[in-house]
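Presented below is the structure to which this report refers.
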Amino acid sequence: MVIAIDGPAGSGKSTTAKHAAEKLGFIHINTGAMYRGIALKCIQGKIDLNSSSEIDKILNQTKFEFDREGGSVLFMDGVDISSEITSCLVTESVSRVSAVPQIREKLVQYQRKMADGLDVVLEGRDIGTVVFPDAEFKFFLIADIHERARRRKKEMETMGGIVSLTELTAELEERDRKDSTREHSPLKKAEDAVEIDTTGLSIAEQVNLIVEIVNKSIK
C-alpha cells in the first residue's frame with residue numbers, strides 16, 4: 001500500500017510522514033532527501049547541471065538506501081548523509097537540481113523501485129501526481145507561510161544555525177515559486193488528495209488525522 005504525502009517546505013510533511021509510518025507499521029521514504037542527496041553530490045563534484053553526460057555519470061554511480069526501521073536516515077553510497085543534506089548550501093541548491101528533468105526521471109524510477117511490494121509512506125512534492133498517481137491514499141499538507149518560516153527557524157536553530165524570520169519567509173516564498181512553476185513535476189495538489197491545513201495543528205494532531213483516515217478506510 002502506498003500513502004502519498006505532498007506539500008511545500010515547512011508544511012510538516014516530513015515529520016508527519018515519519019510518525020504516521022511508525023503508527024501504521026509502514027516504511028517511511030523521504031523523497032525530498034534523495035533530491036538533497038543529489039544536490040550535495042553536484043556541489044561536491046562541481047557538476048554542471050547543463051551537462052547531460054556529467055549528470056548521467058553521477059546518477060548511475062549513486063545508490064540510495066533508507067534505514068528500514070524508520071526511513072528517516074538516508075544512506076548515499078553507503079554513507080549516512082542525513083546531517084549534510086540539511087545545510088544551507090544544499091537548501092539553496094535543491095530547487096535548481098530538482099528541476100532538471102534527467103534527475104527527476106531517474107529518481108522517480110528509483111522511488112518506485114524502493115516502494116515496490118511494500119507498505120510505504122512517501123513524502124515529497126510530486127508523489128500523488130507523478131510518482132504514484134494511483135496511490136491508495138493521498139494527502140496534501142499546507143500551512144501559513146509565516147508558520148512555515150517559524151518552524152524552519154526552530155529546526156535550523158536546533159542545528160546551530162542563525163537566520164531571521166524575514167529571510168526565511170522570503171526563501172520559502174521563492175522556493176514555492178520555483179517548485180510550483182517548474183516545467184517538470186511541479187508542486188501541486190492531486191485532484192483526489194485530502195488537503196490538511198497544519199497551521200494550527202500539532203504534529204500529533206496531523207498524524208492522527210492521517211492515521212484515522214487510513215484505518216477507517218481499511219476497516
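Structure values in brief
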{"quantity": "Subset tally (residues that are assigned to a strand (DSSP E or B) and out of contact with any Leu (no Cβ under 8 Å at 6 or more places or on another chain)) for the range 29-41", "calculated": "0"}
{"quantity": "Filter result for the condition that a residue is surrounded by 11 or more Cβ atoms within 10 Å (Cβ to Cβ) and within 15 Å of Phe137 (Cβ to Cβ), over Ile203, Ile210", "calculated": "Ile210"}
{"quantity": "Matching residues in the range 187-200 - criterion: being among the acidic types (Asp, Glu) and crowded, with 19+ Cβ neighbours inside 10 Å", "calculated": "none"}
{"quantity": "Any pair with Cβ under 9 angstrom, 6 or more apart, that starts in the range 144-165 at a residue that is closer than 17 Å to Ser82 by Cβ and ends at one that is surrounded by 13 or more Cβ atoms within 10 Å (Cβ to Cβ) and among the basic types (Lys, Arg)", "calculated": "Gly161/Lys153"}
{"quantity": "Residue match in the range 8-15 (condition: surrounded by fewer than 19 Cβ atoms within 10 Å (Cβ to Cβ), in contact with an Asp or Glu (Cβ under 7 Å, 6 or more places away or on another chain) and either of a type in the set (S, T, N, Q) or in a loop (DSSP other than H, G, I, E, B) (or both))", "calculated": "no"}
{"quantity": "Tabulated pairs, the range 120-131, first more than 16 Å from Met1 (Cα to Cα), second among the β-branched types (Val, Ile, Thr), C-beta under 9 angstrom, 6+ apart or interchain", "calculated": "Gly124/Ile5; Gly124/Ile29; Gly124/Thr31; Gly124/Val131; Arg125/Thr31; Asp126/Thr31; Asp126/Val108; Val130/Val108"}
{"quantity": "Within the range 175-203, considering residues that are in a helix (DSSP H, G or I), in contact (Cβ under 8 Å) with a residue 12 or more places away in the chain and over 16 Å from Val130 (Cα atoms), the one farthest from the chain's Cα centre (by Cα)", "calculated": "Ile203"}
{"quantity": "Test: residue in the range 84-91 that is in a loop (DSSP other than H, G, I, E, B), of a type in the set (A, V, I, L, M, F, W, C) and in contact with a Lys or Arg (Cβ under 8 Å, 6 or more places away or on another chain)", "calculated": "no"}
{"quantity": "Unique match (being in contact with a strand residue (DSSP E or B) (Cβ under 7 Å, 6 or more places away or on another chain) and at pLDDT 90 or above) among Ile103, Ile55, Ile3, Ile47", "calculated": "Ile3"}
{"quantity": "Residue match in the range 166-186 (condition: modelled with pLDDT of 90 or more, crowded, with 16+ Cβ neighbours inside 10 Å and touching a Leu at 6+ places or on another chain (Cβ under 8 Å))", "calculated": "yes"}
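Let's see how each residue does on (1) over 30 Å from Glu173 (Cβ atoms); (2) exposed (fewer than 14 other Cβ atoms within 10 Å of the Cβ); (3) among the β-branched types (Val, Ile, Thr):
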{"residue": "Lys63", "(1), (2), (3)": "yes, yes, no"}
{"residue": "Leu74", "(1), (2), (3)": "no, no, no"}
{"residue": "Thr91", "(1), (2), (3)": "no, no, yes"}
{"residue": "Arg96", "(1), (2), (3)": "no, yes, no"}
{"residue": "Val100", "(1), (2), (3)": "no, no, yes"}
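Conditions tested, residue by residue: (1) over 16 Å from the mean Cα position of the chain (by Cα); (2) assigned to a helix (DSSP H, G or I).
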| residue | (1), (2) |
| --- | --- |
| Arg96 | no, yes |
| Lys106 | no, yes |
| Glu123 | no, no |
| Thr129 | no, yes |
| Lys153 | yes, yes |
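The values are calculated or read from the model by the stated rules, or taken from the named source; none is laboratory data. The structure presented is a predicted model; accordingly, all values stated were derived computationally and were not measured. In this analysis, Cβ positions are derived from the backbone assuming ideal geometry, glycine residues included, and neighbour counts consider all displayed protein chains.
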